[in-house]
Amino acid sequence: DGGITQSPKYLFRKEGQNVTLSCEQNLNHDAMYWYRQDPGQGLRLIYYSQIVNDFQKGDIAEGYSVSREKKESFPLTVTSAQKNPTAFYLCASDPGQDNSPLHFGNGTRLTVT
Amino acid sequence: EDKVVQSPLSLVVHEGDTVTLNCSYEVTNFRSLLWYKQEKKAPTFLFMLTSSGIEKKSGRLSSILDKKELFSILNITATQTGDSAIYLCARRHNNAGNMLTFGGGTRLMVKP
């Protein structure tokens, strides 16, 4: 089955450590996105990539970094510079065609103590 | 400003009730408005609205967009406990990509 796989589902880290969240898709989609969701809130865009080897900052990119070396993969690193990293992180993709809906992964819940 | 505002923030109803969820936005020039349902993990796509006044239906769910008044509503009739979820609306930006700006969501709880 085609889809988006995020791993791990749950991640626990100590403050000051960098952590990388994985996102892989086999949908052959060009565009990929990372969103952050806090309790009771909607989704906020961290980074997005419309094509391999290219990515842009979203609304809340500070303290995060990404890479897009392969079409299938768009890992997100949460650095120690991110002041409030505890959140639910969602990866999404779309084929890049006009008005195609985003497809989401099942998310990674990151807890930093 | 590029805000998408959803109301109410949360709603508790009983099975069989009809609910109306609201989504308002501020940008007049955009490509489409989308509704998603989020239970525990990944949001699942419900509707995409591009034209004003044309209702989209899927079973007990329906949605409509009013581009003049800058809002959309999502109706759920004869609610069931399985409708309990967070409902998200999102405005698609009017650029080459498919970026979305999401509202804060409405948390719906349907009691038996």
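Can you give the relative contact order of chain A as a percent, counting alpha carbon pairs under 8 Å and 6+ residues apart? It would help to have the intermediate numbers written out before the result.
On the way: 292 pairs, mean separation 39.6, N = 113.
Computed value for chain A: 35 percent relative contact order.
Got a sec? What order do B:30, B:71 fall in by accessible area at 1.4 Å, biggest, i.e. largest, first? Spell out each step's value before the answer.
On the way: B:30 15, B:71 70 Å².
Accessible-area ranking of B:30, B:71, largest first: B:71, B:30.
For residue B:46, what accessible surface area do you get with a 1.4 Å probe? Give it in Å², rounded to 10.
Residue B:46 exposes around 40 Å² with every protein chain in place.
Could you tell me which of rounded, prolate or oblate describes segment A:32-98, using a ≥ b ≥ c as the square roots of the eigenvalues of the alpha-carbon gyration tensor, with rounded for a/c under 1.5 and, failing that, prolate when a/b is larger than b/c and oblate otherwise? Spell out each step's value before the answer.
Numbers: a/c = 2.24, a/b = 1.43, b/c = 1.56.
Taking the square roots of the gyration eigenvalues as a ≥ b ≥ c, segment A:32-98 is oblate.
Could you give the size of the charge dipole of segment B:14-97 about its Cα centre, using +1 on the Cβ of each K and R and -1 on the Cβ of each D and E, expressed in debye and rounded to the nearest 20?
Working: 11 positive and 8 negative charges, 79 e Å.
Dipole of segment B:14-97, to the nearest 20 debye: 380 debye.
To the nearest 20 debye, what is the magnitude of the charge dipole of chain A about its Cα centre, counting +1 on the Cβ of each Lys and Arg and -1 on the Cβ of each Asp and Glu? Provide the component values of the computation, followed by the final result.
Working: 11 positive and 12 negative charges, 99 e Å.
Taking the Cα centre of chain A as origin, the dipole is about 480 debye.
Quick one: net charge of residue B:16's neighbours, Cβ under 14 Å, K/R +1, D/E -1? Mind dumping the intermediate values first?
Values: positive: B:60, B:111; negative: B:15, B:17, B:83.
That sum, taken over residues with Cβ under 14 Å, equals -1.
What order do B:39, B:15 take when sorted by accessible area (1.4 Å probe), most exposed first? The partial results should precede the final answer.
Values: B:39 115, B:15 90 Å².
Heavy-atom accessible area, descending, gives B:39, B:15.
Normalised by the number of residues in segment B:60-100, what is the relative contact order in percent for Cα pairs under 8 Å and 6+ residues apart? Could you put the intermediate results ahead of the total?
Values: 30 pairs, mean separation 11.0, N = 41.
In percent, rounded to a whole number, it is 27.
Have a look at B:102, A:19, A:49 and report the one farthest towards the positive end of the charge dipole of the protein assembly as shown, computed about the Cα centre with Cβ charges (Lys/Arg +1, Asp/Glu -1).
Of B:102, A:19, A:49, it is A:19.
Would you mind pulling out the separation of the Cα centroids of segment A:13-88 and segment B:1-50, in Å?
Using only Cα atoms to place each centre, the spacing works out to 24 Å.
Only Lys, Arg, Asp and Glu count, each charged at its Cβ (+1, +1, -1, -1), so figure out the dipole size of segment B:50-100 about its Cα centre, rounded to 20 debye. Write down the numbers at each step before the final one.
Details: 7 positive and 4 negative charges, 30 e Å.
The dipole of segment B:50-100 has a size of about 140 debye.
Which order do B:56, A:9, A:71 take when ranked by solvent-accessible area (1.4 Å probe, heavy atoms of all protein chains), largest first? Could the numbers behind the result be given before it?
Values: B:56 85, A:9 120, A:71 55 Å².
Result, largest first: A:9, B:56, A:71.
Check residue A:96: other-chain or 5+ apart residues with amide H under 5 Å from its amide H, H built from backbone geometry?
Excluding prolines and chain starts, which carry no amide H, the hits are A:30, A:31.
To the nearest 10 Å², what's residue A:30's accessible area with a 1.4 Å probe?
60
Over chain B, what relative contact order in percent results from Cα pairs under 8 Å that are six or more residues apart? Walk me through the intermediate numbers first.
Values: 287 pairs, mean separation 40.9, N = 112.
Computed value for chain B: 37 percent relative contact order.
The values are calculated or read from the model by the stated rules, or taken from the named source; none is laboratory data. Everything quoted here is computed from the prediction, not taken from an experiment. Glycine also receives a Cβ, built like all others from the backbone with ideal geometry; neighbour counts cover every protein chain displayed. Note: areas computed on protein heavy atoms with side chains; ligands, DNA, RNA excluded. Shrake-Rupley method; radii C 1.70, N 1.55, O 1.52, S 1.80 Å.
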